[in-house]
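Just below is one structure, and these are the notes that go with it.
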């Protein structure tokens, strides 16, 4: 039995898939098989893989059925204990397959790992500092990244541009949902099933692959993507923009190295932030509160999750007391944030802290719109239509002080602003009848650490 099955779906990319195959033959030193699934390519693009004495098979489909169908055919035809899914326009560097396998078998909690690439979803995107135009220069860049890259990053979803998966994880996940035609959306759906089943996924910052992402019709592709994002949302009840984000911007406000650290995240969504903390500190005890039951189910294998409304939380529902309670962009969504923060205080140990990020309604962009007679709610941002309460720095400080907490760190998150906002900012700072503080105009969000003394 081949230890590694490499599966490559391809459609009208005969040249690219043979370049990919050439790099496999150059670099992979494990026992392997390659299963190329030609998804009904046109006659002049029909895959013809040169024979080289290794185990390479080409499966030809009579009609074009799409990425998911082609991958499923490859899975059914493969025999390896571990599978490596590649896009046809990928080039592998030396050590790529071996390093991915080492990471996969080096951590029993991992069921899948993915390489980083220039064109892939944000968490796994890596744009090399050094440009390259040849095979040798690509190999040199990949080796430099291999030497300097960090350890695995936990993920909830991943693309299949270069994804290595254990066979038992595939057995648990089943086959790809063939209603998806966009490879990225099909992969998110598929890998989320792995996460829900309790298998860890990680991107590997030290494993870099080359990926050409050439779109023939970007406008049409984006239209299809939008339709399938809606399909994903309807199927899972989750937002790709919100549910999988990691609040690493709040990490500098915490000491995550403490042994046995106890952390509660309010509004933890699918638990990405808690998983990242758990990767950094395996001794941490992780808890979350999430109103969306479907998101809570994704987080549940990796933390103790309560699926409930935090404003109806009874303190007896959580017997643990915490070093940190994370409230990242939560407070503005509450009907009574003052009562909620007072309740959170009772869940802290002495010296424990609430770590919060809160939008600043006094940001220059909001003042600009207000002075133009606009207070227009949007899907996200300062005037997110789901915001019930609005805060300035003064009101944020008062909120925590009234709850019996002491703010010992308050940071502003600043965004770049266009020229018209810069001009208004300058004019407001020159006002004589009111003292306008620059930080009140500049802070898009306030990051807060508020301690229980």
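Observations on the structure shown:
- Contacts under 8 angstrom Cβ, first residue in the range 220-234 being in contact (Cβ under 8 Å) with a residue 24 or more places away in the chain, partner assigned to a helix (DSSP H, G or I), 6 or more apart: 225/184; 225/185; 228/185; 229/185; 231/185; 232/185; 232/188; 232/189
- The range 151-166: number of residues that are surrounded by fewer than 24 Cβ atoms within 10 Å (Cβ to Cβ) and closer than 13 Å to residue 101 by Cα: 2
- Qualifying residue in the range 76-97 (condition: under 17 Å from residue 29 (Cα atoms) and in a helix (DSSP H, G or I)): yes
- Failed item in (1) outside any strand (DSSP E or B); (2) touching a residue at least 24 places away in the same chain (Cβ under 8 Å), with residue 116 passing the rest: (1)
- Residue-level analysis places residue 27 among those that are surrounded by fewer than 20 Cβ atoms within 10 Å (Cβ to Cβ) and modelled with pLDDT of 95 or more.
- From the list 414, 407, the one residue that fits, being touching a helix residue (DSSP H, G or I) at 6+ places or on another chain (Cβ under 7 Å), farther than 26 Å from residue 346 by Cβ and at pLDDT 95 or above, is 414.
- Some residue of the range 48-69 being assigned to a strand (DSSP E or B), under 31 Å from the mean Cα position of the chain (by Cα), crowded, with 16+ Cβ neighbours inside 10 Å and modelled with pLDDT of 95 or more: no
- Any strands (runs of 3 or more DSSP E) falling wholly within the range 206-320 and containing at least 2 residues that are crowded, with 16+ Cβ neighbours inside 10 Å and either outside the structural domain of residue 355 (by TED's automatic domain parsing) or modelled with pLDDT of 95 or more (or both): 262-266, 285-289
- Residue check for residue 40: at pLDDT 90 or above, over 21 Å from residue 96 (Cβ atoms) and assigned by TED's automatic domain parsing to the domain that holds residue 183: yes
The values are calculated or read from the model by the stated rules, or taken from the named source; none is laboratory data. These numbers come from a predicted model, not from an experiment. Note: ideal-geometry Cβ built from the backbone for every residue, glycine included; neighbour counts use all protein chains shown.
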